[in-house]
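Just below is one structure, and these are the notes that go with it.
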Amino acid sequence: MADTKYTEDNIRSLDWKEHIRMRPGMYIGKLGDGSSADDGIYILLKEVIDNCIDEFVMGAGKTIEIAIKENTVHVRDYGRGIPLGKVVDVVSKMNTGGKYDTRAFKKSVGLNGVGTKAVNALSNFFKVESVRDGQSKTAEFNEGNLMHEELIDSQNAGVPKSVLSQMSPSSKNINTEMSM
């Protein structure tokens with residue numbers, strides 16, 4: 001066997017986005033080609049829908065809207081909305097979420113604070129918008145990097161609480177063909 005060197009130079013620390021993109025299967029299972037229900041493209045969609053289901057189960061929302069147009073998916077729930085001061089954190093900071101105890105969620109599909117972060121890191125475009133109490137907060141990302149963030153005051157008066165997620169998965173990381 002050849003003698004290989006193993007030094008400090010071989011040790012790397014990756015940020016959360018790099019790790020997800022380098023090892024996507026660890027977060028979304030098999031990458032696949034879009035022909036199987038457990039291929040990565042569907043797991044990304046499931047991660048976002050699971051959050052909507054959690055709101056529904058908690059009695060906070062009665063409607064979940066899903067639209068797929070070309071390679072962009074739009075998912076909106078009419079639940080409680082993400083607290084506006086934490087919108088960016090819950091989609092871009094690993095192990096961040098409101099499901100680590102039972103104060104906000106008595107039951108939950110997702111529990112480990114990773115799902116939407118994987119969607120974010122594996123998407124060319126990821127947008128999250130939360131509407132609460134007449135205000136909305138929008139954050140837009142490219143492969144997990146925050147590109148734009150905006151808090152809009154009072155224009156949404158009368159608009160029901162909701163969370164809108166839009167994603168365009170990156171074909172660099174997964175096969176983005178969806179068989180519907």
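Looking only at segment 50-74, how many residues end up being buried (at least 21 other Cβ atoms within 10 Å of the Cβ) and either acidic (Asp, Glu) or under 12 Å from the mean Cα position of the chain (by Cα) (or both)? Write out each step before concluding.
So in segment 50-74, the residues buried (at least 21 other Cβ atoms within 10 Å of the Cβ) come out as 51-52, 54-55, 61, 73.
Now drop any that are not either acidic (Asp, Glu) or under 12 Å from the mean Cα position of the chain (by Cα) (or both), which leaves 51-52, 54-55, 73.
Residues in segment 50-74 being buried (at least 21 other Cβ atoms within 10 Å of the Cβ) and either acidic (Asp, Glu) or under 12 Å from the mean Cα position of the chain (by Cα) (or both): 5 in total.
Hey, any hits in segment 34-41 for a residue that's among the hydroxyl-bearing types (Ser, Thr, Tyr) and not in a loop (DSSP other than H, G, I, E, B)? Spell out how you get there, then give the answer.
As a first pass, look at segment 34-41 and keep what is among the hydroxyl-bearing types (Ser, Thr, Tyr): 35-36.
Add one more test, that the residue is not in a loop (DSSP other than H, G, I, E, B), and what stays is none.
No, every residue in segment 34-41 fails to be among the hydroxyl-bearing types (Ser, Thr, Tyr) and not in a loop (DSSP other than H, G, I, E, B).
The rows are residues; the columns are (1) assigned to a strand (DSSP E or B); (2) surrounded by fewer than 19 Cβ atoms within 10 Å (Cβ to Cβ); (3) at pLDDT 80 or above.
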{"residue": "Phe126", "(1), (2), (3)": "yes, no, yes"}
{"residue": "Glu129", "(1), (2), (3)": "yes, no, yes"}
{"residue": "Glu150", "(1), (2), (3)": "yes, yes, yes"}
{"residue": "Val163", "(1), (2), (3)": "yes, no, yes"}
{"residue": "Met180", "(1), (2), (3)": "no, yes, no"}
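In the condition set (1) outside any helix (DSSP H, G or I); (2) in contact with a helix residue (DSSP H, G or I) (Cβ under 6 Å, 6 or more places away or on another chain), Lys17 is compliant with all but (1). One residue stands out in segment 81-94 among those that are in contact with a Gly (Cβ under 8 Å, 6 or more places away or on another chain) and surrounded by 20 or more Cβ atoms within 10 Å (Cβ to Cβ): the one that is modelled with the lowest pLDDT, namely Val90. Scanning segment 115-124 for residues that are outside any helix (DSSP H, G or I) and crowded, with 19+ Cβ neighbours inside 10 Å yields a count of 2.
So is Gly97 buried (at least 17 other Cβ atoms within 10 Å of the Cβ), over 14 Å from the mean Cα position of the chain (by Cα) and not in a helix (DSSP H, G or I) or not?
Working: buried (at least 17 other Cβ atoms within 10 Å of the Cβ): yes; over 14 Å from the mean Cα position of the chain (by Cα): no; not in a helix (DSSP H, G or I): yes.
Judged against the criteria, Gly97 is not a match.
If you check Thr63 against the conditions, is it hydroxyl-bearing (Ser, Thr, Tyr), modelled with pLDDT of 85 or more and closer than 25 Å to Glu143 by Cβ? Criteria not met by Thr63.
Criterion first (farther than 28 Å from Glu150 by Cβ and surrounded by 13 or more Cβ atoms within 10 Å (Cβ to Cβ)) does Ile43 satisfy it? Before the answer, list the steps.
Values: farther than 28 Å from Glu150 by Cβ: yes; surrounded by 13 or more Cβ atoms within 10 Å (Cβ to Cβ): yes.
The answer is yes for Ile43.
For segment 165-178, name all the residues that are in a loop (DSSP other than H, G, I, E, B) and modelled with pLDDT of 75 or more.
Let us first name the residues in segment 165-178 that are in a loop (DSSP other than H, G, I, E, B), namely 170-178.
The answer is Ser170, and nothing else.
The values are calculated or read from the model by the stated rules, or taken from the named source; none is laboratory data. In this text the structure is predicted, and so the values were computed from the model without any measurement. With ideal geometry, Cβ positions are generated from the backbone for all residues, glycine too; neighbour counts draw on all protein chains shown.
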